[in-house]
Amino acid sequence: MTLISLNSDATSWALRAVAGPVDAGVADRDIPAAVPGEVQLDLLAAGLIADPFDGANEKTQAWIGYCDWRYSTTFSWTAKNAERHDLVADGLDTAATVTLNGREVARTRNQHRGYRFDVTALLREGKNELTVDFRSPIEFAREQEALLGERPTVMHHPFNAIRKMASNFGWDWGIDVSSSGIWKSIGIDSWSGARIASVRPLAETDGSTGILTAHVALEWAAGATATDVSVTVNGRTETVRAAPGQTDAVVSVDAGSVALWWPRGYGDQPLYRVDVAAGDAAWTGHVGFRTVVLDTAPDEHGSRFHLTVNGTVIGIRGANWIPDDAFVTRLTRERYRARMADAVDANLNLLRVWGGGLYESDDFYDACDELGLLVWQDFLFACAAYAEEDPLRSEVEAEARQHITRLSAHPSLALWNGCNENIWGYLEWDWRRELGERTWGEGYYFDLLPALVAELDPTTPYSPGSPFSYTRYAHPNDPRHGTSHIWDVWNDKDYTVYGEYRPRFVSEFGFQGPPAWSTLTASVHDEPLDPYGEQMLVHQKAADGNLKLDRGLGQHLPSPRSIEEWHWATQLNQARALRFGIEHFRSLTPLNSGSIMWQLNDNWPVISWAAVDYAGHRKPLWHALKHAYADRLLTIQPRDGRPTLLAHNDSAERWRDTVRVSHQSLDGTEIASQVVDVDIEPRGIVCVDLESRVITATDASTEFISATACEATPAFWYFVEDPGLALRPSSEALTVTTEATPTGLRMTVTAMSLVKDIVIQADRLDAAASVDRGLVTLVAGASAVFTITGEIGPDVPSGFPVVSSANDLVTGERNQRPHGGSPGRD
């Protein structure tokens, strides 16, 4: 086999707008193009548009998605000693017409598929001309909607009528780029004999011995003869004979004694190399031996949701994942690894690949395999009704077959999920009235997709949707059954309402906050900067998002007096909201078996639910996740109207510790104390009643409770919200010293009185800087050391906003209007 790359690093491509409302500066010109790539990135590289993410450029560049575009190249080709020559396009986004030497090769209509076309008869010795014409994605979607019939959706473009990344058309956290392009590699593959079209290496184990059943799909060139198909794993090889025309060879290998693959926190992640050969063709991959079972059986509380790996129920600490860049061709292995590090460092053990994005790159799944991050993989259906008729249905089946096959090797893959919120939407979002008798996707989620998973990847369980109750007699978003999404918090209610839920498993919940200051101000240039400025609202995609941020402060924090305070207060409130929810859910163990927060990452600079912003800055929310998802958690929760200590040991080791509960004043004077020895079995939880003298306040404005242990982050309980606490200004309550280091700065912070939720906004010192910890609460006399990595100058401010705390928001003069007078707040 010989593969000739036609990517732009091997041959030159040109881009041209061929129809639509083309900008005058782009019309009638050939533009150098990158392949893989996307239209906007080529226009940006050529200096024909400004950065799509900057300011209000989204609106001024909307014309791009309404245009048809042509990619063209010429390349030299010489016939080799091969029987067959295929044009291989791994990804075309989306409605494309492929032409080679003036002859149409194919028309495609699915971003989520790869394509292979026999072009033996069309290639010429010497110069060849290849063009790929892309129909406007917006106009194509409208045409398909007219053909299939209009169906409900949550966005302004009919993304549900075509097979393209839904969020590419915008979302409530995402920019609308409506892009086109050859988004994956393209080339000419010349081969003879047998070709390995795909391999499904299904790894099974009885706990000690591994069995690998490799399903090897074959394609044959003219004149091919019979060949051996061999599979090697763990030093053992089995071979079968395949005859010309045989499309599938099944080879089973007894792998002998194998070590089990486990999610992080439960064991190691051994991977075994698999080598497959068929004549001169070869394939190499890796597998891990594990079992995964989804248990949704009824119990006395409703219906459980247990993901069981190797017979052990896994306590899920997860985050939802969206594409990490709105222009996905910019994503690199290094960027994926950075986001995986964000997940691991925050103590996550699962990422849910959300259904409005992509089947992710191999780099994503490889990293999850190696790091022990479980993957919940949505099929790509989100927040809309989908036609079940052709031409859509055949595309759905083809893409599902391709990706189930591709991902079946990955031990991290723990669940296939049919859709995001579509079953819920059909029942509750007035879809039934709108749809009448038209199809909406039910046949995909309950028939087609589970059948394909059972056929192609029986080692991985399937769920029809999220949320879902796993019984036909319950509402799909009933928290007593299966999975639930909690969105009344954020949309309508205070975050303390999380405490009213007793969910079995939460697969979506979240609260918004702005990105790091440097990320925000690099893209938003309103003068003066204001939450309701024109560009700020371009970078806030949620309906009434900044009003909800203001409302969400509620009684927790006072109205901000400046844009700097607004930025910090809303970041802090986001972090506290998720920490409150996660700690409550964990306190319900074993009734609750896990949660998946919305969302880990961003795809552009935006005010959103993300824990890590587009520039890679870990927001205060990220530090909240690290605390709340820690293996060992101390939390003080209300039980029967009383503060009660709970200790959750979500680790493989027994937790023996001494917890000191202290009722003290803000200045550090201890009023009462209680010492508790805990001995908690692995994955266990204990509930400790606190003595009345420890939990009874004389002056709620000056007193609080802390619980400390050697092996857990301290827990705190306050009798009033921050505006009611007599906190001292941080300028009086903190001392800050700094020391230069070879990689940045070491900052030591010491408290003379209670200082809540200290965060160092390192990016204000250097836009690329990072800090090792955050959301640190210090009692009087305590110190914390923060290590800052970055290019830090000699003059380091020691006060707000670089050194931020809740104290900065609730102390000082409060007679100013907040941040230029935003509506709805006094």
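The values are calculated or read from the model by the stated rules, or taken from the named source; none is laboratory data. Quantities reported herein were computed from a predicted structural model and do not represent experimental measurements. A quick note on method: Cβ atoms are made from the backbone with ideal geometry, for glycine too, and the neighbour counts reach across all protein chains shown. When the accessible area is computed, the model is the full protein with side chains, heavy atoms only, and any ligands, DNA or RNA have been set aside. Shrake-Rupley method; radii C 1.70, N 1.55, O 1.52, S 1.80 Å.
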Out of the residues in the stretch 215-243 that are open to solvent by 30 Å² or more (accessible area, probe 1.4 Å), over 23 Å from PRO270 (Cα atoms) and in contact (Cβ under 8 Å) with a residue 40 or more places away in the chain, which is farthest from the chain's Cα centre (by Cα)? GLY223
Could you tell me whether the stretch 763-782 includes any residue that is at pLDDT 95 or above, closer than 15 Å to GLU739 by Cβ and among the small types (Gly, Ala, Ser)? no
Taking ARG124 as the residue in question, decide whether it is more than 30 Å from the chain's Cα centre (by Cα), over 14 Å from TRP183 (Cβ atoms), open to solvent by 20 Å² or more (accessible area, probe 1.4 Å) and not polar (S, T, N, Q). yes
In the stretch 633-672, which residues are more than 27 Å from SER730 (Cβ to Cβ) and exposed (fewer than 15 other Cβ atoms within 10 Å of the Cβ)? PRO638, ARG639, ASP640, GLY641, ARG642, ALA652, GLU653, ARG654, ARG656, THR658
Condition check for ALA610: farther than 14 Å from ILE582 by Cα and either of a type outside the set (S, T, N, Q) or in contact with a His (Cβ under 6 Å, 6 or more places away or on another chain) (or both): yes
Testing ALA255 on (1) surrounded by fewer than 18 Cβ atoms within 10 Å (Cβ to Cβ); (2) in a strand (DSSP E or B); (3) of a type outside the set (Lys, Arg), one condition comes back false. Which one is that? (1)
Go through the stretch 530-581 and count every residue that is surrounded by fewer than 21 Cβ atoms within 10 Å (Cβ to Cβ), in a helix (DSSP H, G or I) and of a type in the set (Ser, Thr, Tyr). 0
State whether one or more residues within the stretch 9-19 are open to solvent by less than 30 Å² (accessible area, probe 1.4 Å) and either of a type in the set (Lys, Arg) or in a helix (DSSP H, G or I) (or both). no
Could you check the stretch 763-790 and list, in sequence order, the residues that are open to solvent by 40 Å² or more (accessible area, probe 1.4 Å), part of a strand (DSSP E or B) and within 19 Å of HIS567 (Cα to Cα)? SER770
Grab the helices (runs of 4 or more DSSP H) fully contained in the stretch 389-504, keeping just those with 1 or more residues being open to solvent by 60 Å² or more (accessible area, probe 1.4 Å). 392-407, 422-428, 431-435, 449-456
Can you tell me which residues in the stretch 80-106 are over 26 Å from ALA141 (Cα atoms), assigned to a loop (DSSP other than H, G, I, E, B), touching a residue at least 60 places away in the same chain (Cβ under 8 Å) and open to solvent by 30 Å² or more (accessible area, probe 1.4 Å)? LYS80, ASN81, GLU83
Restricting attention to the stretch 317-329, does a residue exist that is open to solvent by 40 Å² or more (accessible area, probe 1.4 Å) and assigned to a loop (DSSP other than H, G, I, E, B)? no
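Would you pick out the residues in the stretch 273-325 that are modelled with pLDDT under 95 and within 27 Å of the chain's Cα centre (by Cα)? Lay out the reasoning, then the answer.
Quick first cut of the stretch 273-325, residues modelled with pLDDT under 95 only: 279-280.
Within the stretch 273-325, no residue meets the criteria.
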Within the stretch 679-700, identify whether any single residue is in a helix (DSSP H, G or I), crowded, with 19+ Cβ neighbours inside 10 Å and of a type in the set (Gly, Ala, Ser), and answer yes or no. no
Among all residue pairs at least 6 apart or on different chains, which show Cβ distances below 6 Å where the first residue, located in the stretch 672-686, is more than 12 Å from LEU633 (Cβ to Cβ) and acidic (Asp, Glu) and the second is open to solvent by less than 80 Å² (accessible area, probe 1.4 Å) and assigned to a strand (DSSP E or B)? ASP677/THR658
